[in-house]
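One structure is given here, and the rest of the page talks about it.
The values are calculated or read from the model by the stated rules, or taken from the named source; none is laboratory data. If you're wondering where the values come from, they're calculated on a predicted model, not measured in any experiment. Here Cβ is always computed from backbone atoms with ideal geometry, including for glycine, and neighbour counts include all displayed protein chains.
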């Protein structure tokens, strides 16, 4: 088994590509060992000193370090990922609720058409680019011209996430949806 790694815009996060499906649907972000109880793989990754977060995507795993340096952490992480996939164990435990993009959304019923356009733009133009960087972004709400988004994985806490939101996503949405005045993270 050959696992590729890729740098992300967040220097504290590294993207691991095992060359196979990680999650068939949804995403799962775990920021501490208690949340990692949902995933045998994440539990083992949190056993490595210096691992501060794990994000599971469709075909990638992003690991965020809380301490240490990548040259020391990377071999241990690669070993855990390889052992896990070679064992045939499930990535997530049965009954684990994977991220649902429509949980707790808020917007006025009169804005439903605008929200549908915003969601379609995020799904087709923004999410694929963010996934390339080892993260995910989901729509959470729309009120008074402001779009509220949740950033996960390598995007959460990334130094360039504000620029991504303000200059990239905000400009894209303003171009296609003139009612949008601002984009904010939740």
Checklist outcome for this item: The residue that is farthest from residue 68 (Cα to Cα), considering only those in region 8-31 that are part of a strand (DSSP E or B) and touching a helix residue (DSSP H, G or I) at 6+ places or on another chain (Cβ under 7 Å), is 28
Checklist entry - Going through region 32-43 one residue at a time, which ones are surrounded by 21 or more Cβ atoms within 10 Å (Cβ to Cβ) and assigned to a helix (DSSP H, G or I)? => result 36, 41, 42
Checklist entry - Taking the stated definitions as given, is residue 115 part of a strand (DSSP E or B), over 21 Å from residue 56 (Cβ atoms) and not assigned by TED's automatic domain parsing to the domain that holds residue 26? => result no
Checklist entry - Which of the residues belonging to region 89-123 are closer than 22 Å to residue 15 by Cβ and at pLDDT 90 or above? => result 89, 90, 91, 92, 122
Item to check | Check on residue 96, within 16 Å of the chain's Cα centre (by Cα) and outside any helix (DSSP H, G or I) | outcome: no
Next on the checklist: Could you go through region 160-183 and let me know if any residue there is part of a strand (DSSP E or B), closer than 24 Å to residue 53 by Cβ and modelled with pLDDT under 95.
Outcome noted: yes
Checklist entry - Residue check: is residue 186 modelled with pLDDT of 85 or more and either within 20 Å of the chain's Cα centre (by Cα) or farther than 28 Å from residue 109 by Cβ (or both)? => result no
Next on the checklist: Looking at region 11-33, I want the residues that are within 15 Å of residue 96 (Cβ to Cβ) and have a partner that is in a loop (DSSP other than H, G, I, E, B) with Cβ atoms under 6 Å, at least 6 apart or on another chain. Which pairs are those?
Outcome noted: 22/59; 22/91; 23/58; 26/98; 26/99; 27/57; 27/99; 28/98
Checklist entry - Mind checking whether some residue in region 33-42 is in contact with a helix residue (DSSP H, G or I) (Cβ under 9 Å, 6 or more places away or on another chain) and farther than 26 Å from residue 137 by Cβ? => result yes
Next on the checklist: Looking only at residues that are touching a residue at least 60 places away in the same chain (Cβ under 8 Å) and in a strand (DSSP E or B) in region 125-154, which one is farthest from residue 171 (Cα to Cα)?
Outcome noted: 153
Item to check | Residue within region 58-69 that is without any contact (Cβ under 8 Å) to a residue 24 or more places away in the chain, touching a helix residue (DSSP H, G or I) at 6+ places or on another chain (Cβ under 8 Å) and either assigned to a loop (DSSP other than H, G, I, E, B) or surrounded by 13 or more Cβ atoms within 10 Å (Cβ to Cβ) (or both) present | outcome: no
